[in-house]
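Participant: Would you mind keeping the following structure in view while I ask a few things?
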Amino acid sequence: MIAASNQGALVEALRQRGALSKMQLSELTGLSAATVNRVLKGLIEHGFVAQAGTEESTGGRPAVLFDVVPTALVSGAVQVRREGITGALVGFNGEIIERFEQEFDAPGPDGGPRALHRMIARLAERCTALDIPLHVVGVSVGGIASPNGTVTGLNPRYWPEATLTELVGEHEVRVVVENDANALALGELYRGVGRFSRQFVALVLDRGLGSGIVANGELVRGARFAAGEVGYLLIDSDSLTTPPQGRGELESKIDPVAVTGAAHDVGIDAAHPLTAAEIVARESAGDQRAAPVASMVLDMLARGVAALVSILDPDVVVLGEGLDERADLVIPGLRKRLEGRIQFVPEIRTASLGADAVLLGVAETALRAVPGPVRISRSV
């Protein structure tokens, strides 16, 4: 097999930047031209890299470009959402080949696991039909995946408190389970914000509000794998005297169920659960009934962000799923509330990986967690 460190450097450069010439690979990785030639030859022989056209000619002989072969190492990605599951096949180049949606069965403690088993089997079957091997499957969950194998915090309407083995079931392919906010943070670390920042937090709002924390270029998990559960912040004056609700106080005020209920109270009837971003957009569009709800949502989000920023001092706050749909409204609303009230307001931006950032992040996490036939190194 090819020298691991050199192959990893070239593969990561191609996965990060796309098609590159030998000269560009040498400049990016610091490897000599002879080493680039030798390692590229091995990667091509093993089917991981192929020629990808030529550079535009500037008068001389155009340079040949090389890129990774998308189907050389395919990962499955599964995102467990509040009311259903999204699955995808993700190519070696980090792009989605095909995606699938699946709702849960009727409510019941085994509805979620059954749907998850079917989705993993569906990904494997699709790879078989396409005649490409499925290397690994990453599953993101909106709960805490602890080191002893237990997952907690999932929607009790569909999920029991169970071990990863019980949730995932028996499959021929290796399965890696990760918290959704951590998956977002890891995806950004390897293929997004991590290219220029080693200190950032990534927020996801679905059934709960969670954050993935990256400090000094490493994911912070905490002693019990529960770091970043910002949705559990106590925020009201009576927080310590009211009976516990079994959920995080902050997240219980801004999740889709809470937002939809608050909207209903001011006369807004929605055909589907409203997200925080959607209620802010309604106010911006001129629906004044939405104003108090939108203000409350942004106030609560700002408190969560203020806590994270004041304690962690990140360069960047990344807004992921549930917050990124109308970032043009959410980001200014947060900045307005934070400026002058905390010492430093970092850059607030959406995920570099776009709307599928959690899916792509958990695929990337799984790909790097399971040893494969080609080494994947840190970002270039």
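Participant: Tell me the net charge near Asp269. Cut-off is 15 Å between Cβ atoms, Asp269 excluded, with +1 for each Lys or Arg and -1 for each Asp or Glu.
Facilitator: For residues surrounding Asp269, the net value is -1.
Participant: Grab the DSSP H runs of the chain that are 4 residues or longer, score each as -39,500 (n - 2.57), total them, divide by all residues and round the 222 nm result to the nearest 500 deg cm²/dmol. Numbers along the way, then the final one.
Facilitator: Working: 12 runs with 144 residues, N = 380.
So the calculated ellipticity at 222 nm is -12000 deg cm²/dmol.
Participant: So if each residue of separation counts as 0.36 nm, and I subtract the Cα-Cα distance between Gln16 and His117, what length gain in nm does that give? Display every interim value, and only then the final one.
Facilitator: Numbers: separation 101, 0.36 × 101 = 36.36 nm, distance 3.17 nm.
So the chain would gain 33.2 nm between Gln16 and His117.
Participant: Please report the relative contact order for the chain, taking Cα pairs under 8 Å with a sequence separation of at least 6, and give it as a percent rounded to a whole number. Please list the in-between numbers first.
Facilitator: Working: 755 pairs, mean separation 67.0, N = 380.
It rounds to 18 percent for the chain.
Participant: Okay, moving on. Arrange the following residues from fewest to most other Cβ atoms within 10 Å of their Cβ: Phe104, Phe225. Don't skip to the end; give the middle numbers.
Facilitator: Numbers: Phe104 22, Phe225 16.
Arranged by neighbour count, lowest to highest, Phe104, Phe225 become Phe225, Phe104.
Participant: Going by a ≥ b ≥ c, the root eigenvalues of the Cα gyration tensor, does the chain fall in the rounded group (a/c under 1.5), the prolate group (a/b larger than b/c) or the oblate group? Spell out each step's value before the answer.
Facilitator: Details: a/c = 2.07, a/b = 1.55, b/c = 1.34.
Judged from the Cα gyration tensor, the chain comes out prolate (a/c at least 1.5, a/b above b/c).
Participant: Which Cα, out of Val259, Val345, Ala291, lies furthest along the positive dipole direction of the chain (beta carbon charges, K/R +1, D/E -1)?
Facilitator: Of the candidates, Val345 comes out farthest on the positive side.
Participant: I would also like to ask the following. What length, rounded to one decimal in nm, is gained on full extension from Glu83 through to Val64, with 0.36 nm per residue of separation minus their alpha-carbon distance? Could you put the intermediate results ahead of the total?
Facilitator: On the way: separation 19, 0.36 × 19 = 6.84 nm, distance 4.75 nm.
Result for the pair: 2.1 nm of gain on full extension.
Participant: Please identify the trypsin sites (Lys or Arg not before Pro) of the range 299-380 that satisfy two criteria: DSSP loop assignment and at most 15 other Cβ atoms within 10 Å. Which are they? Before the final figure, lay out each step's value.
Facilitator: On the way: sites: Arg303, Arg326, Arg335, Lys336, Arg337, Arg341, Arg349, Arg368, Arg375, Arg378; in loops: Arg326, Arg341, Arg375, Arg378.
Here the trypsin sites (Lys or Arg not before Pro) that fit, given the DSSP loop and packing criteria, are Arg341, Arg378.
Participant: Can you run phi through the Karplus equation (6.51, -1.76, 1.60; θ = phi - 60°) for the range 37-51 and list ³J(HN,Hα) in whole Hz, with x for Gly and Pro?
Facilitator: 4, 5, 5, 4, 4, x, 5, 5, 4, 8, x, 8, 10, 9, 5
Participant: Given q = 0.13, 0.21, 0.26 Å⁻¹, what are the Debye log10 I(q)/I(0) values for the range 293-367, with equal point scatterers placed on the Cα positions and solvent ignored?
Facilitator: Reported log10 I(q)/I(0), two decimals: -0.42, -0.94, -1.22.
Participant: With the cut-off at 1.5 for a/c, could you classify the range 118-190 from its C-alpha gyration tensor as rounded, prolate or oblate? Before the final figure, lay out each step's value.
Facilitator: Working: a/c = 2.18, a/b = 1.39, b/c = 1.57.
Oblate shape, in that a/c is at least 1.5 and b/c is the bigger or equal ratio.
Participant: Tilt of helix 111-130 relative to the longest C-alpha principal axis of the chain, in degrees (0 to 90, nearest 10)?
Facilitator: Computed tilt is about 20 degrees.
Participant: Same structure, new question: Taking the Cβ of each residue in Met119, Met296, Met23 as the centre, tally the other Cβ atoms inside 10 Å and list the residues starting with the fewest. Before the final figure, lay out each step's value.
Facilitator: Values: Met119 24, Met296 17, Met23 12.
Going from least to most buried by this count: Met23, Met296, Met119.
Participant: Provide the gained length on full extension for the span Asp110 to Glu218, in nm with one decimal, where the gain is 0.36 nm per separating residue minus the Cα-Cα distance. Walk me through the numbers before you get to the answer.
Facilitator: Details: separation 108, 0.36 × 108 = 38.88 nm, distance 3.48 nm.
Once the chain is fully extended between Asp110 and Glu218, it gains 35.4 nm.
Participant: Going by a ≥ b ≥ c, the root eigenvalues of the Cα gyration tensor, does the range 5-44 fall in the rounded group (a/c under 1.5), the prolate group (a/b larger than b/c) or the oblate group? Show your work: numbers first, answer last.
Facilitator: Values: a/c = 1.41, a/b = 1.18, b/c = 1.19.
Because its axes are fairly even, with a/c under 1.5, the range 5-44 counts as rounded.
Participant: Here's another thing I want to ask about it. Enter the angle in degrees (range 0 to 90, nearest 10) between the Cα long axis of helix 357-369 and the first principal axis of the Cα atoms of the chain, meaning the one along which they spread out most.
Facilitator: Approximately 50 degrees, to the nearest ten.
Participant: Additional query: Name the lysines eligible as straight-distance cross-link partners of Lys336: C-alpha to C-alpha under 22 Å, and not fewer than 8 places from it in the same chain.
Facilitator: Partners within reach: Lys253.
Participant: A further question on this structure: Hey, with R₀ at 25 Å, roughly what FRET efficiency would Ala129 and Glu101 work out to, going by the Cβ-Cβ distance, to 0.05?
Facilitator: Details: r = 18 Å, r/R0 = 0.73.
According to the calculation, E is roughly 0.85.
Participant: Here is a follow-up. Can you put Thr71, Thr275, Thr58 in order of Cβ neighbours within 10 angstrom, beginning with the fewest? List each step's numbers first, then the result.
Facilitator: Values: Thr71 17, Thr275 22, Thr58 7.
Ranking Thr71, Thr275, Thr58 by Cβ neighbours within 10 Å, fewest first, gives Thr58, Thr71, Thr275.
Participant: What is the helix-to-structure angle for 180-191, meaning the angle in degrees between its Cα long axis and the longest Cα principal axis of the chain, kept from 0 to 90 and rounded to the nearest 10?
Facilitator: With rounding to tens, the tilt is 30 degrees.
Participant: Top mean-square fluctuation among Gly246, Gly261, Gly138, Gaussian network model of the chain, C-alpha springs under 10 Å?
Facilitator: Checking each option, the largest mean-square fluctuation is seen for Gly246.
Participant: For Lys41, give me every one of the lysines with a C-alpha distance below 19 angstrom, ignoring sequence neighbours fewer than eight places off in its own chain.
Facilitator: The qualifying lysines are Lys22.
Readers should treat all values here as calculations from the given coordinates under stated rules, not as data from a laboratory. All values derive from a computational prediction rather than experimental measurement. For neighbour counting, all protein chains shown are included, and Cβ atoms are generated from backbone atoms with ideal geometry for every residue, glycine included.
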